[in-house]
Every structure is written in structure tokens, then in C-alpha cells.
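Colleague: Sending over a structure as C-alpha cells; questions will come in a sec.
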Amino acid sequence: MSYVKSRFRHPEQKKNAVGFVKSDYEGALSTLCAGCGHDSISAAIVQACYELSIEPHRVAKLSGIGCSSKTPTYFLGNSHGFNSVHGRMPSITTGANLANRDLIYIGVSGDGDTASIGLGQFCHVMRRNLNMTYIVMNNGCYGLTKGQDSATADYGSVNKAGSENPFPAIDLAELAITLGATFVARSFSGDKTQLIPLLKAALSHRGFAFLDVISPCVTFNNNKGSTKSYDYVRQHIEATSALDFVPEAEEITVEYEEGSSTTVELHDGSLLALRKLSPGWDPTDRNAAMNQMDKAKREGKILTGLLYAETSSRDLHDVLATVDQPLNSLTQEKLCPGSAALEGINSSFR
Amino acid sequence: MIHARRVNDMVIRFANVNGTGSASANELFARAIFRMGIPISSKNIFPSNIQGLPTWFEIRVNDKGYVGRREAIDLIVGVNPQTYARDVASIRPGGYFVYDNTKRLHPDLIREDIRYIGIPMMKLCMDNYEVPRHQQLFKNIVYVGALSVLLNVDLEVVRQLIREMFSKNEKLVPPNFKALELGATYARNNFEYPLDIHVERREATGDQIMIDGNTATALGAIYAGATVAAWYPITPSTSVVNAFEKYCKKLRTDPATGKKRYAIVQAEDELAAIGMVIGANWNGARAFTSTSGAGVSLMTEFLGLAYFAEIPLVLVNVQRGGPSTGMPTRTQQSDILLCAYASHGDTKHVLLFPSSPAEAFELTATAFDLAERLQTPVIVMSDLDLGMNQHLSPPLTWDDARVYDRGKVLSREDLEEMKEFGRYLDVDGDGICYRTLPGTHPTKGAFFTRGTSRDEYARYTEDGPAYVRNVNRLQKKWETAKQLVPEPKLFQSANRSRCGLVWFGTTGYAALEAIDLLESEGVYLDVMQIRAFPFNDTVARFFATHQEVFVVEQNRDGQFRSLLINELNLAPQQVLSVLHYDGMPIPADTIVAQVKDHLARIGIPDTPSQKLSVG
């Protein structure tokens with residue numbers, strides 16, 4: 001593996017609309033295993049932010065503990081990051097968002113971090129519809145402690161040591177739809193043509209966007225019998241549709257066949273165009289999404305793509321009716337009621 | 001038996017059933033005495049229950065201003081037959097038992113050395129009110145009326161308080177007046193009044209207020225500019241956030257849009273609550289949470305993160321009886337060591353110890369400045385007695401010239417001018433480094449916050465020397481903190497005794513009375529109130545210049561004593577514990593008795609020429 005990141009930049013790198021080249025969105029050299037799915041997801045995040053022309057300092061990236069939670073070091077090096085404690089990224093992100101509603105929040109977590117130790121916070125951050133993108137890099141195992149089964153490991157999946165997982169899996173995407181997440185998608189680290197538009201849509205969504213990205217662990221869970229191996233996922237994947245992300249300023253130029261396509265308009269005016277739709281599926285219908293996922297599961301398939309989107313929901317700031325100006329920028333003058341008001345309060349206690 | 005006439009010096013206790021509306025009637029009675037210019041304190045002794053279990057309310061009236069708890073009860077209003085036996089037994093000889101004689105008192109409850117005043121509270125209500133709920137509620141006002149006559153409380157003051165209480169629902173005023181008069185008339189017609197213990201108007205309260213510590217704490221947070229509060233319900237801290245919300249609605253609603261300049265989130269648990277507070281502070285908002293001991297236990301992992309990653313936060317710990325669920329509705333100061341060293345690894349936290357509502361206000365506001373200056377958690381160590389009881393307190397004060405200390409935060413312009421930014425570079429040599437907030441600058445100042453070891457540029461490292469440099473710098477910051485935390489308060493201009501006495505927090509009410517009691521018996525001690533941890537040089541000097549020092553605290557293990565011995569490297573035999581931990585606030589007599597026990601062994605200090613006045 002490399003241990004020094006090349007500083008070479010192609011002199012003709014293309015600048016995006018806000019004047020940054022793609023390498024401005026990169027981070028430090030990854031210390032994950034060669035071939036780790038997580039690195040592909042990091043690369044997709046870099047690509048999505050570059051293409052969306054997000055100024056890097058407008059993003060805050062937060063994570064918990066585990067291999068996945070290390071990745072924020074490896075993308076968006078010009079953004080503030082916070083690698084917190086195990087399973088608690090949602091609460092940190094909630095507080096950060098309450099303080100400054102104007103930034104874009106990317107939370108990165110793993111299946112251990114989310115489905116086990118952090119399951120409670122994961123559920124509650126969805127209930128509150130916090131405006132953030134929550135990515136689970138899902139490999140079905142605890143990589144950093146050498147391969148124990150996680151709570152998303154499928155029933156019967158065989159781990160590297162050869163034992164079958166005796167417990168049913170927690171399906172995080174299903175849980176997200178049930179608990180009120182307003183944008184839910186599943187993808188595969190090896191499918192960047194699907195992952196990048198999904199990431200762009202999630203980042204453009206106002207409210208809680210959840211992305212469950214299956215991301216094989218090459219070292220501990222890529223063996224025969226594992227349902228999270230590259231081979232298994234490739235063989236069993238089925239997409240709800242093909243995707244194109246269309247930014248607000250652009251028009252859809254491609255014509256799609258009637259009845260087999262639809263568009264989801266996101267809060268900022270951008271569109272997610274869905275082609276080759278699965279029959280009988282409507283991305284804005286919660287029940288249809290659940291049925292479709294259930295059906296795929298019964299057929300032994302891994303359903304990927306956009307699963308559900310509700311684009312006109314109220315986020316936590318709407319519910320709390322906070323002022324438009326970020327709370328962290330309110331001045332003492334706006335916050336401190338002063339001594340005259342205090343004298344009035346004193347009088348009420350005499 | 002000859003009964004001495006006692007004016008403005010008594011303890012009255014109400015024995016009620018929880019959930020019957022007695023609390024507001026009892027508070028009404030207490031406030032009426034306060035409005036007559038007489039210093040009082042009140043203690044709500046309540047069960048962990050919503051309805052049905054016994055509850056007591058105690059008022060101490062003392063025009064010398066001693067408002068700590070006193071154990072000898074002069075008069076009990078008994079309206080809960082469940083506790084009659086216990087109530088009757090707790091009255092001092094010569095005291096009174098005022099009870100509802102609608103039913104006859106059992107002969108076993110008759111003591112020869114106390115006096116009985118029977119008032120047919122229930123009968124008066126049955127005869128005058130039809131709705132059962134009213135019969136129940138107005139019974140409380142009936143005894144307030146009777147007691148006002150017996151103890152010489154000005155009924156017009158009581159009526160005025162009732163008018164204020166129902167200013168938004170005026171139709172409730174006449175039936176309350178009627179109940180008040182029913183009780184008063186019965187007392188006038190059937191007893192000699194006032195009793196030999198009673199109150200008389202004074203001008204002894206000045207501009208003081210009667211307020212609970214949790215409200216004062218919440219107001220401190222508002223005045224300090226806190227915008228985010230995340231919390232999880234727990235007795236006795238719940239009313240901190242309740243009060244924060246109540247006053248934010250009034251003081252922090254944008255007049256033009258009706259939108260809020262604050263955000264309050266009831267979290268899913270204490271872990272999430274403090275997590276949100278860390279996230280908000282990391283992002284530059286002043287944020288706090290409040291909890292009690294059990295909550296602090298859950299928050300310890302995050303406290304370690306905030307300490308190590310150097311993120312400001314304010315945590316209000318309204319302590320209750322521990323360990324575990326302990327006595328959730330009783331008071332203690334038993335989270336000292338938990339909070340001082342919360343979390344694994346080498347951690348220590350700044351603690352502030354308010355002793356009154358005015359100090360709760362002041363120290364909470366100070367906590368936000370300290371947290372941001374030091375980039376570390378600051379824990380406000382309140383307790384149930386301070387938090388939930390109404391205390392006589394100096395008025396809350398705010399200096400309009402005071403400017404928030406937001407600490408070392410770099411602006412976009414600062415970053416533009418800087419050659420090099422390293423989040424953990426000790427540029428000023430005080431152990432406190434410069435931080436940046438997310439979103440400040442497009443290309444400069446971004447860094448990675450982490451709970452793992454890191455170098456001066458916030459890069460992950462497992463390099464031993466880099467780790468040592470970092471934790472040694474944190475130790476240097478701790479030394480800086482000693483210069484910044486509130487000074488202890490010394491009650492003498494110079495030492496005058498071989499022995500000292502140290503107190504902190506709500507122990508002060510009783511400690512100051514105990515000092516006067518001891519002086520009246522010829523025992524003179526030097527006194528120090530400690531208001532913060534880490535202990536600074538003034539604290540160290542007090543121990544260095546006294547042979548023996550009593551440390552008064554409300555826990556079993558002498559936790560504060562341990563902290564002093566450990567941090568100041570004191571000889572254990574020099575530091576003598578005065579302890580009280582039954583869940584009730586410490587009484588002065590307990591302190592006097594334990595100090596005298598120690599002195600019997602170590603010898604009474606010489607009488608100094610200069611006397612101390614603490615009152």
C-alpha cells in the first residue's frame with residue numbers, strides 16, 4: 001500500500017462553478033485495507049460534492065467509531081470533521097445542526113455504529129427529520145475488531161471463521177422508512193453510476209436522507225457464503241431504477257419512455273430522474289417501497305436505488321420554529337435580555 | 001409547663017398527601033410571611049410519586065436570617081392520617097399539632113407535652129363546597145386561613161397573593177377568599193390568638209427575593225446567551241429546562257417573526273442530550289444540558305470526549321441522593337468525585353459550586369465564559385435543596401457592561417492573515433489553543449476533531465512523544481484554569497484561629513448558622529467557602545495556614561475531603577469531616593455537634609481577639 005499521498009495535480013483540472021477542482025475535495029490518504037468498499041464510497045462523496053459545486057467549508061462531516069467512521073479523514077480535507085464516540089454521531093450532528101442550520105451535514109457510520117450501539121440515536125434522529133445525509137457503510141461485520149458479525153449480517157451468512165450467523169438482520173433501510181426518514185436509498189460501493197447521483201440527491205434533499213451502502217469488507221467478510229461479499233452482492237443486486245441527478249439550473253434533455261420513468265423534485269429545485277422503473281413502484285409511496293423491499297428479500301435479491309422520498313417535509317428547525325439566522329451567529333445584543341428585564345424578573349419573586 | 005413567647009423564630013411543617021394541591025397553598029403561606037419582611041426558607045419534602053404518598057412542606061421563620069434547616073419542629077399542620085403518628089412524635093415539647101378534627105384523633109396520638117389544635121377542615125369544606133375536588137382543594141386554604149390567625153400572619157397579604165396567583169383567572173379568587181375566611185373565622189372563634197409562637201412584621205428582607213435555584217440557573221443560562229438546550233427528564237433537574245423554556249419564550253422570541261432565538265430538544269436519553277450539547281458547542285453556539293447524578297453517569301463517555309477533544313460545554317448537575325436511583329427526591333452532595341474525574345483515562349473537569357439562587361445565576365453565567373475560554377466542560381454542581389426549594393436570596397444581578405468571553409476562536413480575517421494554523425498549537429503558552437468553527441473559511445482553518453490522540457495539527461497519531469506533549473499541555477491548561485475560576489470566599493480578613501472550616505454549595509445556610517452557634521459557645525473558627533474546582537492558591541494557603549480544617553459536606557464518604565487531600569497533597573489527619581447524608585438538607589446543629597466531637601479530641605482553639613461576623 002502507498003504511504004504518501006501524491007501532491008501532483010494535473011494542471012488542466014477542471015474547476016467547478018465555485019472555482020474548486022476535484023482534488024480540492026480529497027482528503028488524507030486512506031489507511032483502510034486495499035480494496036475496501038469504503039474507499040469507493042469516499043471517492044463517490046468527493047465526486048458528488050465536486051459536481052454539486054459545494055464549497056468545501058460549507059460541509060461538516062461527522063462520524064462515530066469503526067472503519068467507516070475513519071473515512072471522513074479521507075475525503076473533503078477542507079471541511080471540518082468530527083470523529084466522535086461509538087454510535088453517537090447522530091446526537092453530535094443534531095447539536096451541530098441546531099447551532100448552524102446553514103451548513104451541509106454528512107454523517108458517516110457503519111453497521112456496528114448504527115445498527116447496534118447507536119440504534120437508539122439512529123431512530124431518534126430520523127424521527128426528528130434532521131436535515132442531514134446519513135451514510136451507513138454496511139459490510140455486515142466489525143472490521144476494526146477483526147470480523148465479528150454485526151446486526152446487519154444476514155441470517156445464515158457465513159463469516160470468515162466459517163460460522164453461520166444465527167440471528168436475523170436488522171434492515172436499516174426498512175427501519176428508516178418505518179421511522180419517518182424522508183429520503184431512503186440503498187446502494188453498493190461497487191456501483192458508482194448509481195451511488196453518485198443518489199449521493200447528490202441525498203445532499204440536495206432537505207430533511208433526513210439515509211443511504212445504506214453495501215460496502216464489502218475485503219479482509220473479513222468477502223468469503224464464500226457471506227451475503228456481503230463482492231461476488232454475492234453483484235450476483236443478487238436489483239435496482240429499483242436507473243438514476244440521473246439533474247441540478248436545479250439544468251433541464252432534462254434525455255427523453256424517457258412513457259410509463260417507465262418518473263422524476264422526484266427535490267427541495268432546492270433539482271431533479272432526480274428515475275428510468276427503467278420497476279413495475280408497480282412509486283418512490284413517493286411509503287407502503288409501495290416497503291412491499292417492494294419485502295418482495296425482493298423473499299426472492300433473495302438486494303434491492304438498490306432510491307427507495308422512498310418525501311420532499312416537502314418539515315425538518316427539525318421548522319418544527320422548533322427557530323429563527324432563520326444560524327443560532328451560533330446571534331450576537332450578545334440579540335441574546336442577553338439586560339439588567340432592566342432582570343429587575344422585572346426579580347420583582348416577580350418578591 | 002411554661003411556654004416562652006417566640007416571635008419570628010419557628011419551624012412549621014405541613015404534612016400532606018401528594019397530589020392534593022397542598023403545595024401551592026403551603027407556598028402561599030410561606031410567601032405571605034416573606035412579604036411581611038421576615039426571612040424564611042421552605043423545603044418541599046416530596047416522594048417519588050404523583051399522587052397518594054405522604055409529602056411534607058417545611059417553613060423555617062427566622063428574623064436573624066438563619067434559613068438553613070432546623071430539626072426541632074414547633075408546629076405541624078397534620079392533614080395526612082397516614083403519617084399522624086410520625087408527625088406527632090416529631091414535634092418539640094411545648095409545640096403544636098394542628099389537625100383536622102372532622103374525625104376524632106386516636107388516643108395513641110395524644111402526647112402530654114404538646115398542644116393540640118383541632119380544626120374541622122373537611123367538615124367546613126363539605127358544608128360549603130359541593131364539588132368533591134373543591135372540597136379537597138379548599139381544605140388547604142382553610143388551614144392557611146386558620147394558621148394565619150393563629151400565627152398572626154396578615155390576612156390581607158395572603159389575599160393579595162391569592163389575587164396575584166389568579167390574576168389570569170379571576171373567578172377563582174372569591175371561592176379562595178371564602179375558604180380563607182372559613183378557616184380564619186373558626187380559629188378566631190375557638191382559640192386564643194395569636195399563639196405564643198407567632199410572627200410580627202419586620203423590615204428584615206430588604207430587596208431579597210424568594211426563588212428556586214433551578215429557575216435562577218435557567219436565567220443564568222439565558223443571560224449568558226445559551227441558545228441550545230438538550231436534556232432528558234430527571235428529578236430534580238427537570239425544572240431547569242422548564243424554566244429555560246418559560247423565560248426564553250418571553251425574552252427570546254423574535255418580535256418580527258415570532259420565531260425562536262433558541263432551540264430546546266428533549267433527547268432520547270442523557271447520552272444524546274450531552275452529545276447534542278457537544279455538537280452545538282463545537283459549532284459555536286452556547287449550549288447546555290442539565291441532569292442529576294444518574295444522568296452524569298451516562299454522560300461520562302462524552303465528558304471524556306469533550307475534555308480530550310477540547311470542546312466547551314456547560315452541564316448543570318442538580319445532585320440528589322445516590323448511588324444508583326438512590327433517593328431521587330432527596331438532596332445530597334454526593335457526585336463530587338464522579339464529576340471531578342468523570343470518564344476513563346486521565347480526565348478532570350472544572351466544577352462550580354453555587355450556594356444560593358443568586359450564586360446559581362452568577363456561576364451558571366460564568367460557566368459559559370469559562371467553558372469557552374478553557375474549551376472544556378464546566379459542571380455547575382447544584383443540588384435538590386438549592387434547585388427545587390424556594391430560597392431567600394439576594395436579587396439576581398447582571399452588569400450590562402459585561403461582555404461574553406467567547407474564548408480563542410479565529411475569524412475568517414484572522415485565518416486570512418495567519419501563516420500557519422494548528423488546532424492544538426499552544427501559541428500563547430497557557431495551554432489553550434485557537435479553534436475554528438466549521439464554515440469559517442473556504443480553504444483555511446479546517447481541522448479534524450477527534451477523541452483519539454492527535455498531534456498539534458489535529459492529525460491522528462499514536463506517537464508516544466506527541467501524545468505526551470498533548471496531555472501535558474492539557475495539564476498546563478488545568479493550571480491556567482486555577483487562575484480563572486471563581487475565588488473562594490474568606491469570611492475573615494486575616495487568620496485568627498488554629499482551626500478552619502470549609503463549606504461549599506447549599507451547606508452554607510447551615511454552616512454559617514453553625515459558626516455563630518459555635519462562637520456563642522466560645523469556639524472560634526476561620527471560615528472559607530469554596531466555589532470552584534480546581535482549587536487555587538487561596539484554597540491551598542488556607543490549608544497551609546491552619547492546623548486542622550473541618551470540611552462540611554452532604555455525603556457519606558467525605559468526597560470533597562478526598563478531593564482536597566488528593567489535589568492539594570494534604571495530610572489526611574489535617575482534614576476532618578463533618579458529614580450529613582440522610583437526604584434532608586444538613587441542619588446547623590449537626591455541624592455544631594460533629595465539630596465539637598472533633599474538638600473534644602484535638603482541643604479547642606484559643607479565643608482570638610478579633611471576632612467573626614458571618615450573618
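Colleague: At q = 0.14, 0.19, 0.23 Å⁻¹, work out log10 I(q)/I(0) for the range B:412-484 with the Debye formula, treating every Cα as an identical point scatterer and leaving solvent out; two decimals please.
Modeller: Here log10 of I(q) over I(0) equals -0.48, -0.84, -1.07.
Colleague: With label points built 7 Å along Cα→Cβ from the Cα atoms of residue B:452 and residue B:568, find their separation and express it in nm.
Modeller: 4.2 nm
Colleague: Could you tell me which of A:35, A:172, A:143 has its Cα farthest along the dipole of the range A:22-320 towards the positive end, charges placed at Cβ (Lys, Arg +1; Asp, Glu -1), taken about the Cα centre?
Modeller: So the residue furthest toward the plus end is A:143.
Colleague: Another question, if that's okay. Averaged over B:224-230, how many beta carbons belonging to a partner chain fall within 10 Å of each residue's beta carbon?
Modeller: Other-chain Cβ atoms within 10 Å of each residue's Cβ, averaged: 5.
Colleague: Moving on to the next point. Counting only other chains, and only Cβ atoms inside 10 Å, what mean value do you get across the residues of B:262-273?
Modeller: The per-residue average across the peptide is 6.
Colleague: Which one of B:337, A:233, B:16 has its Cα pushed farthest toward the positive end of the charge dipole of the protein assembly as shown, where Lys and Arg give +1 and Asp and Glu give -1 at the Cβ?
Modeller: The residue sitting farthest along the positive end of the dipole is B:16.
Colleague: So, one more: Over the range A:22-320, what is the percentage of antiparallel beta bridges among all DSSP beta bridges, to the nearest 5?
Modeller: Percent antiparallel among DSSP bridges in the range A:22-320 is about 35.
Colleague: Quick one: Karplus J couplings for the range A:192-201, per residue in order, coefficients 6.51, -1.76, 1.60, θ = phi - 60°, nearest Hz, x for Gly and Pro?
Modeller: Those phi angles translate into 6, 5, 8, 5, 5, x, 5, 4, 5, 5 Hz.
Colleague: Amide H of residue A:214: which non-local residues (sequence gap of 5 or more, or other chain) have their own amide H closer than 5 Å, using H built in the peptide plane?
Modeller: Correct list: A:138, A:187, A:188, A:189.
Colleague: On to the next question. Dividing the convex hull volume of the alpha carbon atoms of the range A:22-320 by its residue count, what do you get in Å³ per residue?
Modeller: 118 Å³
Colleague: Test of understanding: express the Cα radius of gyration of the range B:325-375 as a ratio to 2.2 N^0.38 Å, with N the residue count.
Modeller: 1.36
Colleague: Would you list which lysines come within 25 Å of residue B:477, measuring only between C-alpha atoms, while excluding same-chain residues fewer than 8 positions from it?
Modeller: Partners within reach: B:348, B:408, B:419, B:489.
Colleague: Let me know the Rg and Dmax you get for the range B:6-198 when you use only its Cα atoms, in Å.
Modeller: Taking only Cα atoms of the range B:6-198, I get Rg and Dmax of 15.6, 47 Å.
Colleague: To continue, here is another question. Taking a 28 Å limit on the Cα-Cα distance, which of the listed pairs A:14/A:192; A:228/A:276; A:200/A:224; B:250/B:482 fall beyond it?
Modeller: Distance filter (> 28 Å) returns A:200/A:224; B:250/B:482.
Colleague: Enumerate the amide H contacts of residue B:427 below 5 Å, restricted to partners 5 or more residues apart or on another chain; note that Pro and chain-start residues carry no placed amide H.
Modeller: Excluding prolines and chain starts, which carry no amide H, the hits are B:434.
Colleague: Next question, about the same structure. Pairing the Cα long axis of helix A:37-51 with the longest principal axis of chain A, what angle in degrees results, from 0 to 90 and rounded to the nearest 10?
Modeller: Rounded to the nearest ten degrees, it is 50.
Colleague: What nm distance separates the two modelled labels at residue B:483 and residue B:402, each placed 7 Å from Cα along Cα→Cβ?
Modeller: The modelled label-to-label distance comes out at 2.3 nm.
Colleague: Assuming 0.36 nm per residue, please report the length gained on full extension of the stretch residue B:476 to residue B:9 beyond their Cα-Cα distance.
Modeller: 163.0 nm
Colleague: Please identify the DSSP H helices in chain B that span no less than 27 Å along the helix axis (Cα) and have a mean Kyte-Doolittle hydropathy of 0.0 or more.
Modeller: B:132-151
Colleague: Between residue A:23 and residue B:167, what is the label-to-label distance in nm when each label sits 7 Å out along the Cα-to-Cβ direction?
Modeller: 6.9 nm
Colleague: Still on this structure, please answer the following. Rounded to the nearest 0.05, what FRET efficiency do residue A:250 and residue A:14 have when you use their Cβ-Cβ distance and R0 = 25 Å?
Modeller: Given R0 = 25 Å and the Cβ-Cβ separation, E is 0.90.
Colleague: Binning at 20 Å from 0, report for the protein assembly as shown what percent of all alpha-carbon pair distances ends up in each bin.
Modeller: 13, 37, 30, 17, 3, 0
Colleague: Charges only on Cβ, +1 for Lys and Arg, -1 for Asp and Glu: so what's the dipole of the range B:211-393 about the Cα centre, in debye to the nearest 20?
Modeller: Dipole of the range B:211-393, to the nearest 20 debye: 580 debye.
Colleague: Still on this structure, please answer the following. Taking 51 Å as R0, compute the FRET efficiency from the Cβ-Cβ separation of residue B:108 and residue A:321 and round it to 0.05.
Modeller: After rounding to 0.05, the efficiency reads 0.25.
Colleague: Give me the percent of DSSP beta bridges within the range B:489-602 that run antiparallel, rounded to the nearest 5.
Modeller: The antiparallel fraction comes to roughly 15 percent.
Colleague: Then there is this: Of all DSSP beta bridges in the protein assembly as shown, what percent run antiparallel (nearest 5)?
Modeller: So the antiparallel bridges in the protein assembly as shown amount to around 35 percent.
Colleague: Of A:154, A:212, A:102, which is the most mobile in a GNM of chain A whose springs link Cα atoms less than 10 angstrom apart?
Modeller: Checking each option, the largest mean-square fluctuation is seen for A:102.
Throughout, read-outs are computed from the coordinates displayed, never taken from laboratory work. None of the values given here were measured: they were computed from a predicted structure. Note that each Cβ is placed from the backbone with ideal geometry, even for glycine, and that neighbours are counted across all protein chains shown.
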